[in-house]
Structure formats: C-alpha cells, structure tokens
Amino acid sequence: MLKMASSFPEEVLEHVFSFLQSDGDRNSISMVCKSWYEIERWCRRRIFVGNCYAVSPRILIRRFPDVRSITLKGKPHFADFNLVPEGWGGYVYPWIVALASAYPWLEEIRLKRMVVTDESLELIAKSFKNFKLLVLSSCEGFSTDGLASIAANCRNLQELDLHESDVEDLSGRWLSHFPDTYTSLVSLNIACLGSEVSFSALERLVGRCPNLRSLRLHRAVPLDRLSNLLHRAPQLVELGTGAYSAELRPDVLSNLSSALSACRELKSLSGFWDVVPTYLPAVYSICPGLTSLNLSYAIIQSPDLIKLVSQCPNLQRLWVLDYIEDVGLDALAVSCKDLRELRVFPSDPFVLEANVSLTEQGLISVSEGCPKLQSVLYFCRQMSNEALITIARNQPNFTCFRLCIIEPRTPDYLTLEPLDVGFGAIVEHCKDLTRLSVSGLLTDRAFEYIGTYGKKLEMLSLAFAGDSDLGLHHVLSGCDNLRKLEIRDCPFGDKALLANAAKLETMRSLWMSSCSVSYGACKLLGQKLPRLNVEVIDERGHPASRPESLPVEKLYIYRSVAGPRFDMPNFVWTMDENSALRLT
Amino acid sequence: MYRQPAQTSKLLPSKRVVTHRPHVPSPHWLFPGVQVSGELKSSMKRGFVETVDLDNHELGGQVEVGDGQWEAASTSTTAAAVKAPTAKSQVVGWPPVRSTRKKALDLKKSSSKYVKVGADGAPYLRKVDLEMYKSYEELLTALEQMFTSFTISGKYMEQNKKQRQALLVNGILVDECNHYVVTYEDKDGDWLLVGDVPWKMFKESCKRIRLMKSSEAALHPDHI
C-alpha cells in the first residue's frame, strides 16, 4: 500500500485531489496515510470553521499553509432571537490578524454571527492584495467607516454582501469611496443599511461594472431611482429593490415596467419595503423567469399576492408574510409546481388573535400541490395532528421542517391533545430530514419519536416542550447524526445530559437556556470532558455564589481543540478542571 | 432508561389543561420566565439509572452511566408555578422572529407622534416622538436625559429611587437647584399637569410639552 502511494508523484496526487472539494472528502483523503495527509494539507484552499472557538487560528495555519477562502461562524443560532447576551464573544479581529500574516493571498472571507470591528475591516482591506469576496452575515460591531476602507482599497473586490448585519450607519458616503477605476463588482448586498447613499455615485458604480449580477438595494433607494439603475444593469440576475413606493406619478410605473422587462436574466427578486400595490404590475413581465421571490418585508394583501405568484410558474423559492393566507397558498400550490422552499413569516407575531386567515390548511395545500417541496418555515396559530400526518404523507421529501405555532404549548386545536403524534409522523415519513424545529404542546413522547426516527437529523430546535429528562435522553441517544441542538424553556436537567455526556463530543454544539441544568452538573461535565468547552452564562453573578443544585440561566457546550477561550465577558465562565479553584 | 418519577406525571397530566386555558384571552407566554417543570425527585443512584416502563413499552436492563465516577447530581427543579397573567413583558426571543425583521415591519406600521418640548431656561426647543414610549416614566426619563441640567446624580438615583419614582409619576423633574413641573397643552389648548390621565389618553391629546420651573409655574396665569 505504501509503495503504491509513493509511486505517484505529488503533482499527480494534487491534481487528483483538486477534484474533491467537499470538506468531508478532503478530511477522508487526509486520513489515508501520512504522505496523503501532507499533500492534502498543502493544497487545501477552502476552509470552513463552523464554530470559531472550536479551533484556533494558530492550529489552522499550522496545518493548512495556503488557504484562499475561509468561512467562520461565531455566535450560536439563538443569538438571532436575543438569547445570547451582548458581549458574549465571537470576535473576528484576532483571526484577521493571524490570517493577514499567514495568508497574503487570501481571496474570500465569509463570516456569520461574528463581531466585526472597523479595525478588522481596515486590516482586511490593507492585507490581502487579491481580496475578492466579503460576506458578513448577521454580523455586528462595524460601521460604514469600515465599509469605506473596503471600498477604497480592495481593487479586485467582486462581492460585498452585508446580509442582515447590524451596521452602525454613519452616512452613505462610504459608497463613494469606490474609485472611478474600480470595475470588478459582481455582487452587492446593502439591504440592511439605512442611510441614503449618493444616487449618482451608485448609478456610476453600477454603470461601470459590466459583470454586475446581483444588486440588493436598501430601503433608502426609492422606486423612481430604480429605473435608472436597471437601465445601467440589464444583465442583472438578482435584484433587491429599495422602497417599493414613490409619489404617484404616471411615468413611474411605465418607466419601471420597461426597465424591468429589459432585464431578461432576472431570476431573483427581493426588497419590496413600503409597497404601493399600484406599482406591482411592473414586475409581471419578468415573473415567468423568476426562481426566487422574497416578499417577506412586503405588506401586500392576498389578492395582489395571488396575482403575483400565479405568474411565476418557475418559482423555486418563496419567502412571504402570512398575508398570503390559506387562499394564497392554495393558488401557490396550483401555479408553482417547481417550488422547493417556502417560508411564511408572521406579520403580527405579538398578538394572540389571528390577524390573517392563515392556518394549517395552507401548508397542507402546498405539501399536496408542490411535489418538490423540501424546505419549510411556517409560522401559524393553530395546528392539528391530523394536519401534520397529512403533510408528512404528502411530502416525504422534506429535508428541513420548521414549524412555529405562535403561542407556546398550544395543543392540537381539534382534539386538545399534544402534537406528539403529528411530529412523529413527520420524522417517520421524512427519512431525509436533516433540520427540524418543533412547537406546540409536546410531551416526552414526541422526543421518543424523534429519537427513534430522526436518524438523519443534524439540527434540532426545541422550545417550551417535553416533560422530563427522558425527552432529552431520547434525542441525545437516538439521533445519530445530531450536530446542533438548541433548547430553551424545557424541563430538561442533569440526568439526561450526564448520561449522554460522551455524545456531546460528537456534536458541534448544544445550547440550553431556561432549563434545569444545575451548576454542579456543568462543573462535572467540564471536568470530565476536557475536549468540550462547557460555558455557563449567567447574568445573576457567578453560580458559585448560589447553591450548586440550582439551575444555571444558560449553557453553551461545544467541542474544541483550542481549549477554553480567554475573551469571555464577566457573565460567562468555562467549566474545566480548574473551575473549582478559579476565583469569580 | 429512566424512571419517570411519579410526581412528574401528576403535575403534568397529558391533557395539560392546567397550563393552557383557551378561554383566557391574555397569552400566558407573556409571563416572564414561566417554567412548568415538575419536581424531579432525583435519587439517581451512583452510576446507575433505573429502568422504566414507558407507558406500554417494556425496556429491560439497566444502563450503566459513565464509569461509575459520576456523582449523583441532585437534579434541581426550576421552581415556578404558573404566574398570574401580567400581560406586560414579553418572553425574550419568542416567537423566534429576528429583530431586523421586527424592526422593518414596525417601522411600517407604527405612526410617530412628534411634539415640541420646551423648558424654562433652555434656549432651544426639542422634539420627542411620543410613540416611542409606553409610560410616563419612560417619557420623563427621556426628557430628563434630554435636558441635561436636570440629570440626577447617580447617588441621588440610588438612594432616592422611590422618591424619584414618586416625583416622576407626579410630573416633576428635579435637578440640583430647581424643581421642574412637566406640563402639556392638550387638544383644547389648555395647559395641564402631566400624569393625571392614562398614558394612551395623554398620548392622543398632547400637542406640546413644557417644563416649567415650579416657582414660576405657581405664578403662571393658566395655572391659577
């Protein structure tokens, strides 16, 4: 075996390896033998770090000397819903410093839920001569000044995507920092910004970048400006409008219609803030070509929504508010047979009474009518076991099923029973399900089903569910492929966690907040499992100042080869063998 | 497998009518920190977990936990009976809607109501959006911050919180040397003391606000 491996010159093996891009395959190759490990590590160019605290920059750089693209993820998913306190961590600056000195040829940085400062952005702008791509997804900590550095210095930048980041918007002047000689823009997403930018600067930028494919504007760009931009970029494939409103003038609609109809490559539409329905017909001409439509910020009533989706036979992805109602989803089921992904967001999530006529029926229709539907996110106010069973039978192809019944612990509205059987049907029929979020009234039985059938589940989100540790035990012992588990407000305590402690090392992370895990159990886990970081988050002060049996507020456990981190705020503690000795 | 302690099933019957009262309009998830977990009367033996009959299932055998070095962690409870409806604060992060989304929709829906605010001794008027506040206390705290000479020192705030609350409620701001009376002009053109009517009613009828030095307030013709 060894003879065979060494008989191929390195260059040949490298060439063969270049056909394998997935991390899983690359990891497998590198375990064949020492020489393959060596060759592979020198030619791996793309790195994905699912948890920035699972590995250190130093360890990464030591193994992979020539990286061109890196993805880093920081805060746990529940940070999106304000469950992770401000200051928890996820700072990218130390990474940028290390990457700047190790990888001068780095081209791509993708960050998710990380704290990015202007300083970090400046360092990126100055350090990587061939920098091409910056994606900041749900990040925070930077301002438009940092963006100005990127615009001014990255001569070869192709993609700048601020996807849903929280940016301190000081002014729109940053956009004017792109030099006149800069022409390489391919994708720009500034939808999350607030301040007005110079429209003429924007028009000039768009006009001089012939490769521009994706442009997502922000709310401050009114509709009458959109036509000018579109005239300069008829090659666009993805468009995010700004505010979809303007003063009612006769020419706005006609200008917009003709500008849009000239964009023959357009496949994706988003934006649509402040919609004035009179202007909706402007998009009709491009509807037949659309594969993706994001109307989740658009306040449009169901009749207009129906008119719109009925003209989109090639739609694969729809994000929409619950204004679409059951009747709109019925229309969707009839018109959009190629639908793969549906997300229905709540228009008024904080009122008890339904403000729209959207029920389980809409989801049933879509599951019946759209044979390729794989991914669902659905907010509603009522559900039944019967409906869930029907949905599961209609659509066994679900890979992602996220149901949010708005009031916690809502039972089956027909029988007042828990929804155990319904979710059981989902996991039983959908054998390829990799992501599941449950809601409504659920007992430990639901988790028994999930543990029994959810063999391919990788990510599971639980809230206000279960009766006892048995529920958590079912999940931890049954779901063989579980990588991320996030739990809030469930009566799960020490027993299940301690009994399945070894399982935690096979997962990326576990989040538990407002549950019943005691400080004592956390300490135990931290002491016994050195390859886990067991972080206790408690804003009431160090848990040692209270009895050990009392539950901690929040708990975040993740595997790591980097050991405990040192950038924690004063309400986060890592449990390890020293935690008993460490001072508060 | 686990033994499901008897207490648990008693406290949490499968019908769960206890926690869900369909006829009560105020949503119980508006209660902060509600946990309806049972009292897990622990007794996990060292290194072992007892077997359990799971309803109809028979799961035999005992499962050894770890290497026997696990201490019996005394499982705690998370207290909390269901609190009476407060209908005030919402549960953090529920429903799971991202704040960017919430903000974007809120901006569209809520109106703003800007009113001018003047203060004796301040050369410029200010403006506040009454829709930003949910109570008199919030408004007066904001006014306090706006007119910085009225800022109450930290020491004062700590020691005299109650007194300060009382003052705020009665529409009086205090600084080191003056008492200011917070007054407003209503739809009818009359000047009234802030704090008498319910917040919502105030919001609707208020046209402008004035902070008057109390010494002068007494002398103001409209106040006689």
Report summary line: Between the modelled labels at residue A:284 and residue B:208 (7 Å from Cα along Cα→Cβ) the distance in nm is 5.1 nm
Report summary line: Simple SL model, points at 7 angstrom along Cα→Cβ for residue A:200 and residue A:35; separation in nm is 6.6 nm
Query raised in the report: How many nm is it between the label spots at residue A:276 and residue B:142, if each spot is 7 Å from the Cα in line with the beta carbon?
Result: 2.9 nm
Report summary line: Output field shielding_mean for A:485-497 (other chain Cβ, 10 Å radius) holds 5
Query raised in the report: If one computes the Cα centroid of segment A:395-427 and of segment A:47-71, what distance in Å separates the two points?
Result: 39 Å
Report task. Work out how much length residue A:506 to residue A:248 would gain on full extension: take 0.36 nm times their residue separation and subtract the Cα-Cα distance, in nm to one decimal. Result -> 87.0 nm
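If packing is taken as the mean number of other Cβ atoms within 10 Å per residue, what is the order of A:490-499, A:126-135, highest first? Don't skip to the end; give the middle numbers.
On the way: A:490-499: 26.0, A:126-135: 18.1.
In decreasing order of mean packing, A:490-499, A:126-135 become A:490-499, A:126-135.
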Requested in this report: Considering Cα pairs under 8 angstrom that are at least six residues apart, work out the relative contact order of chain A and quote it in whole percent.
Outcome: 6 percent
Query raised in the report: Short version: ³J(HN,Hα) in whole Hz for each residue of segment A:145-155, in order, from phi by Karplus 6.51 cos²θ - 1.76 cosθ + 1.60 (θ = phi - 60°), x for Gly and Pro, what are they?
Result: 5, x, 5, 4, 4, 4, 4, 6, 10, 8, 5
Query raised in the report: What size of dipole, in debye to the nearest 20, comes out for segment A:7-146 about its Cα centre when the only charges are +1 on Lys and Arg C-beta atoms and -1 on Asp and Glu C-beta atoms?
Result: 240 debye
Query raised in the report: residue A:299 to residue A:105: extension gain in nm, 0.36 nm per residue of separation minus the Cα-Cα distance?
Result: 65.3 nm
Requested in this report: Give me the percent of DSSP beta bridges within chain A that run antiparallel, rounded to the nearest 5.
Outcome: 20 percent
Query raised in the report: Based on DSSP, what percent of beta bridges with both residues in segment A:430-584 are antiparallel, to the nearest 5?
Result: 55 percent
Requested in this report: Would you mind working out the magnitude of the charge dipole of segment A:1-86 relative to its Cα centre, with +1 at each Lys and Arg C-beta and -1 at each Asp and Glu C-beta, to the nearest 20 Debye?
Outcome: 200 debye
Requested in this report: Report the extension gain between residue A:546 and residue A:171 in nm, rounded to one decimal, defined as 0.36 nm multiplied by the number of residues separating them, less their alpha carbon distance.
Outcome: 130.2 nm
Query raised in the report: So if we plug the beta-carbon distance of residue A:58 and residue A:539 into 1/(1 + (r/R0)^6) with R0 = 22 Å, what FRET efficiency do we get, rounded to 0.05?
Result: 0.10
Requested in this report: Return the aspartates and glutamates within reach of residue A:431: Cα separation strictly under 17 angstrom, same-chain partners fewer than 8 residues apart disregarded; answer none if there are no such residues.
Outcome: A:448, A:458, A:480
Query - Burial ranking of peptide ranges A:410-419, A:242-251 (average Cβ count within 10 Å, highest at the top) - result: A:410-419, A:242-251
Requested in this report: Could you calculate the FRET efficiency of residue A:561 with residue B:188 from 1/(1 + (r/R0)^6), where r is the beta carbon distance between them and R0 is 56 Å, rounded to 0.05?
Outcome: 0.20
Report task. Shielding by partners for A:339-352, please: the mean number of other protein chain Cβ atoms within 10 Å of each residue's Cβ. Result -> 3
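What net charge do the residues around residue A:106 carry, taking every other residue with its C-beta under 12 Å from that of residue A:106, with Lys and Arg at +1 and Asp and Glu at -1? Don't skip to the answer; put the middle values down first.
Values: positive: A:45, A:46, A:68, A:110, A:129, A:132; negative: A:66, A:107, A:108.
With Lys, Arg at +1 and Asp, Glu at -1, the net is +3.
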**Report entry** Karplus (6.51, -1.76, 1.60) ³J(HN,Hα), θ = phi - 60°, over segment B:191-204, in Hz, Gly and Pro reported as x
**Finding:** 9, 10, 7, 5, x, 7, 9, x, 3, 4, 5, 4, 4, 6
Requested in this report: Treating only the Cβ atoms of Lys and Arg (+1) and Asp and Glu (-1) as charged, compute the dipole magnitude of chain A about its Cα centre; round to the nearest 20 debye.
Outcome: 1980 debye
Query raised in the report: Once a ≥ b ≥ c are taken as the square roots of the eigenvalues of the Cα gyration tensor of segment A:47-165, is the result rounded (a/c under 1.5), prolate (a/b larger than b/c) or oblate (a/b not larger than b/c)?
Result: oblate
Query raised in the report: Which residues' amide hydrogens lie under 5 Å from the amide hydrogen of residue A:143, considering only partners 5 or more residues apart or on another chain, with H built in the peptide plane?
Result: A:118, A:168
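Taking beta carbons within 10 Å but only from partner chains, what does the mean come to for residues A:460-470?
Taking the mean over all residues of the peptide, I get 5.
What pairs from A:484/B:102; A:73/A:129; A:455/B:102; A:126/B:102 go past 29 Å between their alpha carbons?
Pairs exceeding 29 Å: A:455/B:102; A:126/B:102.
Coordinate-derived values only; no laboratory data. Bear in mind that the values here come from a model prediction, so they are computed numbers and not experimental data. Positions of Cβ are backbone-derived with ideal geometry, glycine not excepted, and every protein chain shown enters the neighbour counts.
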